[in-house]
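Accompanying notes for the structure given below.
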Amino acid sequence: MLEALHLWLQKTRRSVADAGVLAKAIDDSLRRWPAFAHYGSNGFFPIDDNPVGNAIRPIAIGKKNWLFAGSETAGQRAVAIQSLLETARLNGLESMAWLTDTLEKLPSWPNRRVDALLPLKKPM
């Protein structure tokens, strides 16, 4: 199907005026074709970026609130916590349960094994 689309773009481009909007769109598509075609070669690539948009929406909506984190360091800490919570959620964990469990274990947890507490590796 991608091959047919590529052929159609090439054929249609020959019959479209250079200055037109359609020509520009086709030229852009053909210029980016290798990256676009790579999508079809891998079944793991999602067809859209809706999951990413949904994941960052709460942060984007609250961005004015982040101006009042208190300091740059506090803002960086807030971002780190949000990143960990979202990673936990994306890995099928209940974020607050993971955070509570991790914070309870952290004081007595060996430093050399702290990566085992990360939400990527944490079985719940």
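The values are calculated or read from the model by the stated rules, or taken from the named source; none is laboratory data. Owing to the predicted nature of the structure, the values given are computational and were not obtained by experimental measurement. Don't worry about glycine lacking a Cβ; one is built from the backbone with ideal geometry, like all the others, and counts go over all protein chains shown.
Here is how the numbers come out for the structure above:
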| quantity | calculated |
| --- | --- |
| Odd one out for W109, checked against (1) exposed (fewer than 11 other Cβ atoms within 10 Å of the Cβ); (2) modelled with pLDDT of 85 or more; (3) not assigned by TED's automatic domain parsing to the domain that holds L7 | (1) |
| Scan of region 93-118 for residues that are outside any helix (DSSP H, G or I) and farther than 21 Å from A78 by Cα, ordered by number | W109, P110 |
| Test: residue in region 51-61 that is surrounded by 11 or more Cβ atoms within 10 Å (Cβ to Cβ), of a type in the set (K, R) and out of contact with any Pro (no Cβ under 6 Å at 6 or more places or on another chain) | no |
| Scope region 86-106; condition surrounded by 15 or more Cβ atoms within 10 Å (Cβ to Cβ) and in contact with a helix residue (DSSP H, G or I) (Cβ under 7 Å, 6 or more places away or on another chain); matching residues | E86, A88, R89, S95, W98, L99, T102 |
| Spans of helices (runs of 4 or more DSSP H) in region 1-74 with at least 2 residues of a type in the set (D, E) | 21-31 |
| Odd one out for Q82, checked against (1) out of contact with any Leu (no Cβ under 7 Å at 6 or more places or on another chain); (2) closer than 30 Å to Q10 by Cα | (2) |
